Amino acid sequence: MSLIPVVGLLGAVVWIAQISSVRDDLGGSDFSTTPTTDVLTDNPISSPGTVTAPAGQPAGATGLAESVDGAWLDTVAASTSIPRRALAAYAGASLQLAQENPACNLGWTTLAGIGQIESGHASHGGASLQGDGSTDLPIRGPALDGVRFMAIADTDGGAWDGDSQWDRAVGPLQFVPGTWSTWGADGNGDGASDPNQIDDAVLAAGRYLCHSGDLSSVEGWRAGIFSYNHDDAYVDSVAAAANGYARLS
């Protein structure tokens, strides 16, 4: 099946600044760009101890954020400086994917690393997450007009990206509208799929990553992240961020 890659287009613009910020936040710059054992083998159901998943519930039947224990969120948000609402989306999506695709082995730290590099956990451009998981300001990447990035003519009539001539990557996880039309998910259980809503976006991103196969090996993990953004330096940056979050949590 031929797919337009997610490509993390905003990440291609800001990832260098974002990883510098991550290194400062996480206490230094000496981070390995190879995912650690904690990132690769994290069991998202048992590793955070008090996190529980909704038993027997299909994806979208209940909000992902509600499946994560509040005390765990408080502790890990404080230790990692990840906004609590964003952390709930990352952990909740990891729990859901452990149920629906256990062979994938996608931990929350990987999703958090992508969220940091793509949009600073939905803070790029002065945006922030609201309680319902939506952003108070739109987060949009540059026009895909073939000048700085690949050319992708408009696929959504500007519905998601506000551009009726060219596509732009959208939301906290930076989905191109054409990719969202294939991978869009309902992570908050409201019956709609919205790339600007972090539960929806993170669940879709996780399913996209899991489509590449088992992420429990270094090779498999790097292949999955590379499918998200075809840039080895980007993969290194996500690894460094995920490693830092695993260390602090």
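Which of the residues belonging to region 191-224 are open to solvent by 40 Å² or more (accessible area, probe 1.4 Å), in contact with a Ser or Thr (Cβ under 9 Å, 6 or more places away or on another chain) and not aliphatic (A, V, I, L, M)? Full working, then the answer.
In the first step, residues of region 191-224 are kept if they are open to solvent by 40 Å² or more (accessible area, probe 1.4 Å); the result is 191-194, 207, 211-212, 214, 216-219, 222-223.
The next check asks that each one be in contact with a Ser or Thr (Cβ under 9 Å, 6 or more places away or on another chain); those that pass are 194, 211-212, 216, 218, 222-223.
Within region 191-224, Asp194, His211, Ser212, Ser216, Arg222 meet the criteria.
Does Tyr234 satisfy being open to solvent by less than 40 Å² (accessible area, probe 1.4 Å) and either in contact with a Leu (Cβ under 9 Å, 6 or more places away or on another chain) or over 30 Å from Gly158 (Cβ atoms) (or both)? Full working, then the answer.
Numbers: open to solvent by less than 40 Å² (accessible area, probe 1.4 Å): yes; either in contact with a Leu (Cβ under 9 Å, 6 or more places away or on another chain) or over 30 Å from Gly158 (Cβ atoms) (or both): no.
Here the answer is no, as Tyr234 does not meet what is asked.
Between Asp156, Asp161, Asp132, which is acidic (Asp, Glu), assigned to a loop (DSSP other than H, G, I, E, B) and touching a residue at least 60 places away in the same chain (Cβ under 8 Å)?
Working: Asp156 fails: touching a residue at least 60 places away in the same chain (Cβ under 8 Å); Asp161 fails: touching a residue at least 60 places away in the same chain (Cβ under 8 Å).
Exactly one of Asp156, Asp161, Asp132 is acidic (Asp, Glu), assigned to a loop (DSSP other than H, G, I, E, B) and touching a residue at least 60 places away in the same chain (Cβ under 8 Å), namely Asp132.
As an exercise: evaluate Asn188 against (1) surrounded by 18 or more Cβ atoms within 10 Å (Cβ to Cβ); (2) farther than 23 Å from Gly113 by Cβ; (3) among the polar types (S, T, N, Q) and give the number of the one condition it does not meet.
Here Asn188 meets the rest and fails (2).
Could you list, in sequence order, the residues of region 135-165 that are closer than 25 Å to Ser123 by Cβ, of a type outside the set (Gly, Ala, Ser) and open to solvent by 60 Å² or more (accessible area, probe 1.4 Å)? So that I can check it myself, show each step before the final result.
From region 135-165, those closer than 25 Å to Ser123 by Cβ are 135-144, 148-149, 156, 158-163; that's our starting set.
Okay, now just the ones that are also of a type outside the set (Gly, Ala, Ser), so 135-140, 142, 144, 148-149, 156, 160-161, 163.
Asp136, Leu137, Pro138, Arg140, Arg148, Trp160, listed by residue number.
May I ask you to verify whether Ile117 is within 29 Å of Asp214 (Cβ to Cβ) and either touching a Lys or Arg at 6+ places or on another chain (Cβ under 6 Å) or of a type outside the set (Phe, Trp, Tyr) (or both)? Steps first, please.
Numbers: within 29 Å of Asp214 (Cβ to Cβ): yes; either touching a Lys or Arg at 6+ places or on another chain (Cβ under 6 Å) or of a type outside the set (Phe, Trp, Tyr) (or both): yes.
So Ile117 fits the description; yes.
Looking only at region 77-108, count how many residues are more than 20 Å from Ala185 (Cα to Cα) and either under 13 Å from the mean Cα position of the chain (by Cα) or assigned to a helix (DSSP H, G or I) (or both).
So the answer is 6.
The values are calculated or read from the model by the stated rules, or taken from the named source; none is laboratory data. Predicted model, so just to flag it, every value in this text is computed and none were measured. For neighbour counting, all protein chains shown are included, and Cβ atoms are generated from backbone atoms with ideal geometry for every residue, glycine included. The area values use the complete protein model at the heavy-atom level, side chains included, leaving out ligands, DNA and RNA. Shrake-Rupley method; radii C 1.70, N 1.55, O 1.52, S 1.80 Å.
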